[in-house]
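Below: the structure, in structure tokens.
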Amino acid sequence: MLVELDVPKCVASGQCVMAAPDVFAQRDDDGVAILLEEHPADDILDGVREAVAICPAAAIRLVEQ
């Protein structure tokens, strides 16, 4: 699986960080999301799926490879 983050769409809500902290972080200056892991391990994919579902800006996609 590949995680894609559309940074310009991010509204810095932090929901992704709470759902999948091993995959997402936030920049200190403006809170915009940072992608830490493009190819997360299978055991944390549920958190990534939750992040995709709850992102208020629809800035995250999970692509099956």
Here the residues within the stretch 43-65 that are touching a residue at least 12 places away in the same chain (Cβ under 8 Å) and over 19 Å from S13 (Cα atoms) are I44, L45, V63, E64, Q65
Taking the stretch 7-21 and keeping residues in a helix (DSSP H, G or I) and surrounded by 15 or more Cβ atoms within 10 Å (Cβ to Cβ) leaves Q15, C16, V17, A19
Somewhere in the stretch 40-57, is a residue in a loop (DSSP other than H, G, I, E, B), within 11 Å of M1 (Cβ to Cβ) and modelled with pLDDT of 95 or more?
-> yes
Filter the stretch 28-37 for residues that are closer than 17 Å to K9 by Cβ, out of contact with any Cys (no Cβ under 6 Å at 6 or more places or on another chain) and assigned to a loop (DSSP other than H, G, I, E, B) and give the result.
-> D30, G31
Which ones in the stretch 22-32 are in contact with a Gly (Cβ under 8 Å, 6 or more places away or on another chain) and either surrounded by 15 or more Cβ atoms within 10 Å (Cβ to Cβ) or over 17 Å from P56 (Cα atoms) (or both)?
-> D22, V23, Q26
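The values are calculated or read from the model by the stated rules, or taken from the named source; none is laboratory data. Note that this is a predicted model, so its numbers are computed, not measured. Cβ sites come from the backbone with ideal geometry, for glycine too, and all protein chains shown count toward neighbours.
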